[in-house]
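Q: So that we are looking at the same thing, I have put the structure below in structure tokens.
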Amino acid sequence: MEASLQLKEGSIQRDEVVVISGAGSGIGLATARRFAELGYRVVACDIDPQRVDEAVGDIGQGRHDVWGRAVDVTWRAGVQDFVSQIIDRYGRVDVLVNNAGITVDARIESMTESQFDQVMSVNVKGVVNLSQAVIPAMRQAERGVILNASSVVGLYGNFGQTNYAASKFAVIGMTKTWARELGPSGIRVNAVCPGFIATPMLAAVPDKVLEKVVQKSWMRRLGEASEIADVYAFLASDAASYINGVALEVSGGISL
Ligand code: NAP
């Protein structure tokens, strides 16, 4: 894979295919845009068909090779079918960004079984489903990059987020396990742990809490989705060719 971070507005079309889940919103959308700018062939999926169509139209604009489909990452058979379609279409998957994720917050005393299961299903099982579906193609090619969305909550926990914290710690555990299992086959696996990033996901967080977060942050601001997209692009590139099994915090130093 050519390192091409300098191709900021690169019009060079590359052969590599990147698959991004949850690409209809927030960080996933910014990441799809970033990889398209870098010349990758972008495959976008999201649970919401309208958002996928909008993302594909918006990013593609006749300039970039972007294709997408509505996929619920928790539905294993649907994910397998989606990846088969990608292989039929492109014959390869070079990079997978397991970005789709949800929050359903409640304190431990009031969290229902359904709230716990919902979050674990998307944030953990969804990551397993998509990864298992693309790994055979990566193994065959003896190369590939899997990037998993964790969170600072997956490093430090967070009030009211038992389910989300469990899921994001799990993502780091899976990342480190797969880095060992797949590294010898030329497949790198890393996790990104964003701090608080201004996306629709933060709509569920009360303003008062967000103000506190900004005050606690040494950058005195929330992060931008594009700042996480840039990290995914770096980790996918050959500039990161010896980075395997890390959980990279990208939070403006919020934990300092
Ligand atoms: P977002 O704006 O809510 O985008 C997530 C996208 O994933 C949404 O379009 C969502 O659809 C979709 N999605 C949800 N369930 C899905 C499923 N079962 N199958 C396929 N797609 C599904 O969130 P974001 O802030 O960009 O977050 C992206 C990732 O970064 C998540 O894994 C999140 O946990 C992580 N993260 C975010 C922050 C932050 O501060 N924003 C911080 C740390 C980590 P719906 O909207 O319909 O659910």
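The values are calculated or read from the model by the stated rules, or taken from the named source; none is laboratory data. On a predicted model such as this, the values are computed, not experimentally measured, just so you know. Every residue, glycine among them, receives a Cβ derived from its backbone with ideal geometry; neighbour counts consider all protein chains shown. Quick note on the areas: whole protein, heavy atoms, side chains included, nothing else; ligands and nucleic acids left out. Shrake-Rupley method; radii C 1.70, N 1.55, O 1.52, S 1.80 Å.
Q: Can Ile87 be described as β-branched (Val, Ile, Thr), under 18 Å from the mean Cα position of the chain (by Cα) and either away from the ligand (no atom under 16 Å from the Cβ) or open to solvent by 20 Å² or more (accessible area, probe 1.4 Å) (or both)?
A: Values: β-branched (Val, Ile, Thr): yes; under 18 Å from the mean Cα position of the chain (by Cα): no; either away from the ligand (no atom under 16 Å from the Cβ) or open to solvent by 20 Å² or more (accessible area, probe 1.4 Å) (or both): yes.
No; evaluated as a whole, the condition is false for this residue.
Q: To continue, here is another question. Taking the stretch 50-84, which residues are more than 23 Å from Gln132 (Cβ to Cβ) and over 18 Å from the mean Cα position of the chain (by Cα)?
A: Gln50, Asp53, Glu54, Gly57, Asp58, Gly60, Gln61, Gly62, Arg63, His64, Asp65
Q: Right, something else. Within the stretch 103-120, track down each residue that is of a type outside the set (Asp, Glu) and either in contact with a Cys (Cβ under 9 Å, 6 or more places away or on another chain) or in a helix (DSSP H, G or I) (or both).
A: Scanning the stretch 103-120 gives Ser114, Gln115, Phe116, Gln118, Val119, Met120.
Q: Select from the stretch 44-82 the residues that are more than 11 Å from the ligand (Cβ to nearest atom) and more than 23 Å from Ala30 (Cβ to Cβ) and list them in ascending order.
A: Listed by number, the residues that qualify are Arg76, Ala77, Gln80, Asp81.
Q: Listed residues Met201, Met219; which is of a type outside the set (D, E, K, R), touching a Gly at 6+ places or on another chain (Cβ under 7 Å) and in a helix (DSSP H, G or I)? Spell out how you get there, then give the answer.
A: Details: Met219 fails: in a helix (DSSP H, G or I).
None of the other options fit; the residue is Met201.
Q: Checking the condition farther than 23 Å from Phe35 by Cα, among the small types (Gly, Ala, Ser) and surrounded by 17 or more Cβ atoms within 10 Å (Cβ to Cβ), which residue from Ser237, Ser217, Ser185 passes? Working first, answer last.
A: Numbers: Ser237 fails: farther than 23 Å from Phe35 by Cα; Ser185 fails: surrounded by 17 or more Cβ atoms within 10 Å (Cβ to Cβ).
That would be Ser217, the only listed residue that is farther than 23 Å from Phe35 by Cα, among the small types (Gly, Ala, Ser) and surrounded by 17 or more Cβ atoms within 10 Å (Cβ to Cβ).
Q: Which residue, of Val231, Val209, is assigned to a helix (DSSP H, G or I) and loosely packed, with under 15 Cβ neighbours inside 10 Å? Step through it out loud before you land on a result.
A: Details: Val231 fails: loosely packed, with under 15 Cβ neighbours inside 10 Å.
That would be Val209, the only listed residue that is assigned to a helix (DSSP H, G or I) and loosely packed, with under 15 Cβ neighbours inside 10 Å.
Yes/no matrix, rows are residues, columns are (1) more than 18 Å from Val19 (Cα to Cα); (2) of a type in the set (Val, Ile, Thr); (3) crowded, with 17+ Cβ neighbours inside 10 Å:
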| residue | (1), (2), (3) |
| --- | --- |
| Val104 | yes, yes, yes |
| Thr112 | yes, yes, no |
| Ser121 | yes, no, yes |
| Val145 | no, yes, yes |
| Ser150 | no, no, yes |
| Thr162 | yes, yes, yes |
| Ala165 | yes, no, yes |
| Phe169 | yes, no, yes |
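Q: Go through (1) within 13 Å of the ligand (Cβ to nearest atom); (2) open to solvent by less than 50 Å² (accessible area, probe 1.4 Å) and name the single condition Asn158 misses.
A: Of the numbered conditions (1) within 13 Å of the ligand (Cβ to nearest atom); (2) open to solvent by less than 50 Å² (accessible area, probe 1.4 Å), the odd one out for Asn158 is (2).
Q: Among the listed residues Val192, Val145, which satisfies the condition of being modelled with pLDDT of 95 or more, within 22 Å of Asp105 (Cα to Cα) and part of a strand (DSSP E or B)?
A: Working: Val145 fails: within 22 Å of Asp105 (Cα to Cα).
That would be Val192, the only listed residue that is modelled with pLDDT of 95 or more, within 22 Å of Asp105 (Cα to Cα) and part of a strand (DSSP E or B).
Q: Cβ contacts < 8 Å: first residue without any contact (Cβ under 8 Å) to a residue 60 or more places away in the chain and more than 18 Å from Ser25 (Cα to Cα), restricted to the stretch 181-202; second residue among the polar types (S, T, N, Q) and away from the ligand (no atom under 16 Å from the Cβ), any location; separation 6+ or different chain. Result?
A: Every condition considered, the pairs that remain are Arg188/Ser241; Arg188/Asn244; Val189/Asn244; Asn190/Asn244.
Q: Within the stretch 107-131, restricting attention to residues that are away from the ligand (no atom under 13 Å from the Cβ) and among the charged types (D, E, K, R), which residue is farthest from Gly157 (Cα to Cα)?
A: First, the residues of the stretch 107-131 that are away from the ligand (no atom under 13 Å from the Cβ): 107-116, 131.
From what's left, among the charged types (D, E, K, R): 107, 109, 113.
Details: Arg107: 12, Glu109: 16, Glu113: 19 Å.
Taking the candidates together, the pick is Glu113.
Q: With respect to the numbered conditions (1) closer than 18 Å to Thr31 by Cα; (2) open to solvent by less than 30 Å² (accessible area, probe 1.4 Å); (3) more than 9 Å from the ligand (Cβ to nearest atom); (4) not aliphatic (A, V, I, L, M), which one is the sole condition not fulfilled by Gly223?
A: Status for Gly223: all satisfied but (3).
Q: Also, I was wondering about something else. Against the definition (part of a helix (DSSP H, G or I), near the ligand (Cβ under 9 Å from one of its atoms) and either more than 19 Å from Asp46 (Cβ to Cβ) or over 19 Å from the mean Cα position of the chain (by Cα) (or both)), how does Lys176 come out, yes or no?
A: Values: part of a helix (DSSP H, G or I): yes; near the ligand (Cβ under 9 Å from one of its atoms): no; either more than 19 Å from Asp46 (Cβ to Cβ) or over 19 Å from the mean Cα position of the chain (by Cα) (or both): yes.
Answer is no for this residue.
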